[in-house]
1. How large is ³J(HN,Hα), in whole Hz, for each residue of the range 323-339 in order, when computed from phi with the Karplus curve 6.51 cos²θ - 1.76 cosθ + 1.60 and θ = phi - 60°, using x for Gly and Pro?
2. Given an 8 Å cut-off on Cα distances and at least 6 residues of separation, report the relative contact order of the chain as a percent.
3. If you bin the C-alpha pair distances of the chain every 10 Å from 0, what whole percents do you get?
4. Between their Cα atoms, which of LYS263/LYS381; LYS115/LYS189; LYS315/LYS381; LYS214/LYS282; LYS157/LYS248 are more than 19 Å away from each other?
5. With a ≥ b ≥ c the root eigenvalues of the C-alpha gyration tensor of the range 75-142, is it rounded (a/c under 1.5), prolate (a/b larger than b/c) or oblate?
6. On C-alpha positions alone, give me the angle between the axis of helix 235-244 and the longest principal axis of the chain, in degrees, nearest 10.
7. First compute the accessible area of the range 8-51 with a 1.4 Å probe, then give the percent of it belonging to carbon and sulfur atoms.
8. Provide the per residue accessible area, probe 1.4 Å, for the range 245-302, rounded to a whole number of square angstrom.
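The values are calculated or read from the model by the stated rules, or taken from the named source; none is laboratory data. Computed from a predicted structure; not experimentally measured. Please note that ligands, DNA and RNA were not included when accessible areas were found on the heavy atoms of the full protein model with its side chains. Shrake-Rupley method; radii C 1.70, N 1.55, O 1.52, S 1.80 Å.
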Amino acid sequence: MSLEAIIHGTFIDAPTPRSLRVRENVFVIVRDGVIQQISSDEGGIREEFLGLRVVKFEGARVLVPGLVDLHVHAPQFKQLGTKTDIPLMEWLQKYTFPAESAFSSPSHASKIYPKLLSHLLKNGTTTVVLYGSNHLVATKILAEECDKAGVRAFVGKTCADMLTPEYYVESTEGSLRDTEEFVRWCLQKWGVGGRVRPVVTPRFIPTCSKELLKGLGDIAQNYDCFVQSHAAESVDEEALVESQHPGKRDVEIYQESGLLGDKTILAHCCRLKDSEAGVMEKVGATVVSCPWSNILFARATVPIPYYNSAFPDLKIGLGTDIAGGFGTMLDNMRTAILQDRIDSFAAVDRSAVSTDPDIKKENWTVDFKYAFHLATASGAKALGMGDMIGTFEEGMRFDALLLDFGLDGDDGENGRAMRFTRFGDESVEELFEKWVTTGDDRNVVRVWVDGVEVL
Ligand code: GUN
Ligand code: FE
């Protein structure tokens, strides 16, 4: 049931990379899934809401926007935390294609996908962009499970008509037919702009023929859909693309295929050239940094502050890349902080990829505020939902987490001891910083999407 209440408590959000907004003791009125009013004093609450019950969240508890994970491979969930010991291309062949092909069984999908969604929600992810497997039926099950779980989801049937083992590869026509059917089915079920939306999903350039890419581009344009894929991930992926399309690179190929626009989400982008970042900025496409996975597989980082300064309109968000990365969104926020330091102490020379000698890396650091902004407001903007989720403003949807920081080292609301010790004299901002840097799912005690409690 959707929350109808005056919530009295502390609300924290990060509208920009540098601004953490801490509003203590405010009254937030939620009805029909929407934040109707935010009032700093009780007397300011509009008359029409005065009859609503007041829900008070006192003590070391705060409300924050739900996290936005822009890149998850749903059929890899079972192997999360294992099998990350070999390079990307070998990893796909040896572990990942076999794991994904098991989703030809609908009962396997019905068994695994609900577990993924509860993992995401309990770790604070309320919006997720998902790759399914190559299978239509299993991907429909994934979308239905997202709906049941109450998560906000973008779901794609993965497409691959080449360089994929025989037991998992699709025909070009079959891949296009199943994609179109999936898109139509989602739009019919949840409508345009529904809580569950379809995404056109070419796996990545090496597993997609030109014909498939072009056909997927047509579908994306005909149905005005989001597109997700991988780009400029690693040295071996880059070499493979060069061998298939001499002289061409991922971004250009997506663009030629009609797959690059303001609804395009490209994961990794570790080896993007400045000219490509410029193209993505111009068309409104999104870079998804998956810091944990990037370090493990791509052995690379995404220079987020550099992009924010050199390409101010380039959309950037964070992804876990389950299961290439085994971290949660919190882990990836921390890794975004760490990868920024790695760039600094390794003196990563961005001029190596820069075509513009005037573009200099500005020395501004990714801190807990910046990382939190990336995981919330910035991710929401990437999905065209910057005025809907990711911060707390009147008129926006109530997608929120209640965080409990524990009582002086004692148990929190959910009865479990917290990971970090609270001494009792910290400011709210310090406690929040501790959550970003050292907290975990034990601090996430309630989760709402569209005002509905979903955890
Ligand atoms: N490139 C193509 N497929 C994948 C995948 O499953 N994970 C990652 N990290 N990169 C990919
Ligand atoms: Fe990926």
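1. 10, x, x, 9, x, 7, 5, 4, 4, 6, 4, 5, 5, 5, 5, 5, 5
2. Averaging sequence separation for qualifying contacts and normalising by length gives 20 percent for the chain.
3. Histogram of Cα-Cα distances, whole percents per bin: 4, 22, 32, 25, 13, 4, 0.
4. On the way: LYS263/LYS381 11 Å; LYS115/LYS189 23 Å; LYS315/LYS381 7 Å; LYS214/LYS282 21 Å; LYS157/LYS248 26 Å.
From the list (LYS263/LYS381; LYS115/LYS189; LYS315/LYS381; LYS214/LYS282; LYS157/LYS248), the Cα-Cα distance tops 19 Å for LYS115/LYS189; LYS214/LYS282; LYS157/LYS248.
5. Oblate, because a/c is 1.5 or more while a/b does not exceed b/c.
6. The angle comes out near 40 degrees.
7. Details: 870 of 2020 Å².
Carbon plus sulfur share of accessible area: 43 percent.
8. Values: 1910 Å² over 58 residues.
Using a 1.4 Å probe on heavy atoms only, each residue of the range 245-302 averages 33 Å².
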